[in-house]
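Notes follow once the structure below has been shown.
The values are calculated or read from the model by the stated rules, or taken from the named source; none is laboratory data. Note that the structure is a prediction, hence the values are computed from the model and not measured. All Cβ positions, even for glycine, are placed from backbone atoms using ideal geometry, and neighbour counts span all protein chains on display. Accessible surface areas use protein heavy atoms only, side chains included; no ligands, DNA or RNA. Shrake-Rupley method; radii C 1.70, N 1.55, O 1.52, S 1.80 Å.
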Amino acid sequence: MTRYGDAEAALAALPALARNGGGARAPVVPSVQAIADEIGALQALGARLLVLGEPDYPPLLAQLADAPPVLAVLGDIAVLHRRLVAIVGSRNASSNGLRIAEALAAELGDHGLVVVSGLARGIDTAAHRGAMFVGPTIACVAGGLDQPYPPENALLQAQIAQRGAVVAEAPLGTAPQSRHFPRRNRIIAGLSLGCVVVEAAPRSGSLITADLAHTYGRELFAVPGSPLDPRCRGANNLIRQGHAHLTESAIDVLSQLPALSPQQMRGLGPDGFAERPQLAFSGWDGMGGDPWPELDRVRPELLGLLGPDPVAVDDLIRRCQFSVGAVLAVLTELELGGRVESLPGNRVSLLGSPP
């Protein structure tokens, strides 16, 4: 919008940007009526949209380089501005793991923290239930707000919406698929001051959330488990590698969390949480012309550095001899053209043939 002056001009520029990125078809921009219908459907559900940059948008989540531009929230938006801690873990959890997650969530709630989790089976469900013994909780879902998953947690989702909040990035009607869960995980990590892992196999989705929390500079905690139980190896490895604080009770979590509220932590640099990078088009005066005449030279070099394996955008910028704004502009074109996919943790990967 800064580059093109206003939203209407920015949308009109999308076809040309997609062609620059190698796409044969322009992105489909919904009509004004379709947008109004979606907002109306959310309101009928009792939900509302939060837009990045607005005062109601969660302050810690806004610091992420890949923060969701829009969130749909069902419930009390105020809880998104409280001190939040994530609890995640195995879907196929042990009885002890479920008991620990439930008790830890209740204890954290007793100390004024709000527990965030993903509404999945196992540890997530136990954490939400434990938190609701004493207060609100926040569920981040992978699909639309009208698509409870797993189906048996539909009643729990409704209860969470009454006591706390349910958050979704996907629009209404979106059925959760495997590719949606890593994006959901970044929201769990981004909302929270810290993340607690209770039982996680070495390649589990919970460790994706833990890795993202570590990437975002958030405090990481893990509950130790039996070395004989494969469900505990991921959490035990986090402790062994020094990435997570050994956690047995809420006191272990409280002693390591920042004392500041999310609002007080806005804009903190490396000594607090990662500051949200300035927009790629910062400083552009919108008076016409191209702010980066070297874009035609950036595209082939950037494509040569990209591959199917995800790479951090910061690494790409360091390896290029071009400005940050030019690199980000070309990545935007390539994504619009279907050549590049943006992934959680501010990473990108090269896709196959453009559409």
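Looking at the range 324-340 only, could you name the residues that are over 16 Å from Leu14 (Cα atoms) and touching a helix residue (DSSP H, G or I) at 6+ places or on another chain (Cβ under 9 Å)? Break it down stepwise before answering.
Going through the range 324-340, the residues over 16 Å from Leu14 (Cα atoms) turn out to be 324-327.
Those that are over 16 Å from Leu14 (Cα atoms) and touching a helix residue (DSSP H, G or I) at 6+ places or on another chain (Cβ under 9 Å): Val324, Ala326, Val327.
Looking across the range 153-168 at every residue that is open to solvent by 10 Å² or more (accessible area, probe 1.4 Å) and hydrophobic (A, V, I, L, M, F, W, C), the one that is nearest to the chain's Cα centre (by Cα) is identified as Ala161.
Restrict the check to the range 319-342 and report whether at least one residue is part of a helix (DSSP H, G or I), over 23 Å from Arg186 (Cα atoms), β-branched (Val, Ile, Thr) and open to solvent by 20 Å² or more (accessible area, probe 1.4 Å). Within the range 319-342 (the criterion being part of a helix (DSSP H, G or I), over 23 Å from Arg186 (Cα atoms), β-branched (Val, Ile, Thr) and open to solvent by 20 Å² or more (accessible area, probe 1.4 Å)), the answer is yes, since at least one residue qualifies. Among Pro182, Pro136, Pro176, Pro171, which is the only one that is open to solvent by 10 Å² or more (accessible area, probe 1.4 Å), touching a residue at least 24 places away in the same chain (Cβ under 8 Å), in contact with a strand residue (DSSP E or B) (Cβ under 6 Å, 6 or more places away or on another chain) and assigned by the TED database to the domain that holds Val85? On inspection, the qualifying residue turns out to be Pro136.
One line per residue, one yes/no per condition, for (1) surrounded by 16 or more Cβ atoms within 10 Å (Cβ to Cβ); (2) over 21 Å from Leu60 (Cα atoms); (3) touching a Ser or Thr at 6+ places or on another chain (Cβ under 7 Å); (4) not aromatic (Phe, Trp, Tyr):
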| site | (1), (2), (3), (4) |
| --- | --- |
| Pro151 | no, yes, no, yes |
| Ile208 | yes, no, no, yes |
| Phe221 | yes, no, yes, no |
| Gly234 | yes, yes, yes, yes |
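Scan the strands (runs of 3 or more DSSP E) fully inside the range 72-169 and keep the ones with 1 or more residues being of a type in the set (Ser, Thr, Tyr) and out of contact with any Leu (no Cβ under 9 Å at 6 or more places or on another chain).
Working: elements: 84-89, 114-117, 137-141, 165-168.
The qualifying strands (runs of 3 or more DSSP E) are 114-117, 137-141.
Is it fair to say Gly46 is in contact (Cβ under 8 Å) with a residue 60 or more places away in the chain, in the same structural domain as Val196 (by the TED database) and not aliphatic (A, V, I, L, M)? Considered against the rule, which asks whether it is in contact (Cβ under 8 Å) with a residue 60 or more places away in the chain, in the same structural domain as Val196 (by the TED database) and not aliphatic (A, V, I, L, M), Gly46 comes out as no.
Inside the range 169-179, can you point out the residues that are under 15 Å from Asp146 (Cα atoms) and either of a type outside the set (Ser, Thr, Tyr) or in contact with a Ser or Thr (Cβ under 7 Å, 6 or more places away or on another chain) (or both)? Working first, answer last.
Within the range 169-179, the subset under 15 Å from Asp146 (Cα atoms) is 169-177.
Once the filter is applied, which keeps residues that are under 15 Å from Asp146 (Cα atoms) and either of a type outside the set (Ser, Thr, Tyr) or in contact with a Ser or Thr (Cβ under 7 Å, 6 or more places away or on another chain) (or both), the range 169-179 yields Glu169, Ala170, Pro171, Leu172, Gly173, Ala175, Pro176, Gln177.
Among the numbered conditions (1) free of Cβ contacts under 8 Å to residues at least 24 places away in the same chain; (2) surrounded by 15 or more Cβ atoms within 10 Å (Cβ to Cβ); (3) of a type outside the set (A, V, I, L, M, F, W, C), the only one that Gly40 does not meet is (2).
Quick one: in the range 236-270, which of the residues that are touching a His at 6+ places or on another chain (Cβ under 7 Å) and at pLDDT below 90 is most open to solvent (accessible area, probe 1.4 Å)? Applying the filter and picking the extreme gives Gln263.
Scanning the range 210-219 for residues that are open to solvent by 30 Å² or more (accessible area, probe 1.4 Å) and either on the phi > 0 side of the Ramachandran plot or not in a helix (DSSP H, G or I) (or both) returns Gly217, Glu219.
Within the range 90-109, can one find any residue that is exposed (fewer than 15 other Cβ atoms within 10 Å of the Cβ) and in contact with a helix residue (DSSP H, G or I) (Cβ under 6 Å, 6 or more places away or on another chain)? First the steps, then the outcome.
The first filter runs over the range 90-109 and keeps only residues exposed (fewer than 15 other Cβ atoms within 10 Å of the Cβ), leaving 92, 95, 99.
If we keep only those that are in contact with a helix residue (DSSP H, G or I) (Cβ under 6 Å, 6 or more places away or on another chain) as well, we get none.
No, the range 90-109 has no match at all.
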